[in-house]
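Asker: Supplied in structure tokens, the structure appears directly below.
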Amino acid sequence: MKICCIFIVLCSIVFFQSCSDKSNVDLESERTEVMKVVDNFEKAHEDRDLNLLLSCFSDKPDIIILGTDENELWVDKVSMGERQKIAYETFDKITLSVRDKIIKMSRTGEQAWFYMKVNWYVESGGNQFTFDGIRTTGVLEKENDKWIIVLLHTSMPVLGQAVSY
């Protein structure tokens, strides 16, 4: 009986320690690292730097990248990179104006998510295009001590309310 009680106490200690928050995680430091990835995502587009863009995403084959165009759904960064390379070759200039950037951290410091509103200014073939208020959200995970994007979603909001509420 004594051995059984000791076993239960030890198991309880291990269980409660494994369920506790990682209190030694410096969330502000982790937030800074996450911000660097989001900033690199923006910079990659402005510089049309495919390698920098791809470095922002996980190598895992189970990620999701959803763009604003109907056919822009990728579940790996390689296929997204192939399409993005074509876009970068087509665009003469890309300028982004980012606002309302929000980054949230999980208490464990192993996941983060972000939101930002982006105005895109694109020059292509002598024409200028503006896409205002593109909502961009994403989820990042810490993988091998490096923050990477595992989910990205962009959308173009509908002006006004589609249905009154």
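Please treat every number below as a calculation from the coordinates, not as lab data. The model shown is predicted, which means the values in this text are computed figures rather than measured ones. All Cβ positions, glycine included, derive from the backbone under ideal geometry; neighbour counts span all protein chains shown.
Asker: On full extension of the chain, what length is gained from D39 through E110, given 0.36 nm per residue of separation minus the C-alpha to C-alpha distance?
Answerer: Between D39 and E110, full extension yields 23.7 nm more.
Asker: Over segment 25-155, calculate the relative contact order: mean separation of alpha carbon pairs under 8 Å at least 6 apart, over the residue count, as a percent.
Answerer: 24
Asker: Return the single residue from A112, A87, A44 with maximal mean-square fluctuation; model: Gaussian network over the chain, springs between Cα atoms under 10 Å.
Answerer: A87
Asker: Tell me what the chain gives for mean residue ellipticity at 222 nm when only DSSP H runs of n ≥ 4 count, each as -39,500 (n - 2.57), the sum divided by the residue total, rounded to 500 deg cm²/dmol.
Answerer: Dividing the helical sum by the residues of the chain leaves -11500 deg cm²/dmol.
Asker: Could you please rank I64, I149, I103, I86, placing first whichever residue has the fewest other Cβ atoms within 10 Å of its Cβ?
Answerer: Result, fewest neighbours first: I86, I64, I103, I149.
Asker: Report the label-to-label distance for Y121 and E28 in nanometres (one decimal), using points 7 Å from each Cα along the Cα→Cβ vector.
Answerer: Taking the two extended label points, one gets 3.4 nm.
Asker: In the chain, if every C-alpha pair distance is counted and binned at 10 Å from zero, what percent goes to each bin?
Answerer: Pair shares across the bins are 9, 31, 28, 15, 8, 5, 3, 1, 0.
Asker: Between K85 and D49, 0.36 nm times their residue separation minus their Cα-Cα distance comes to what?
Answerer: Taking 0.36 nm per residue and subtracting the Cα distance, the gain is 12.1 nm.
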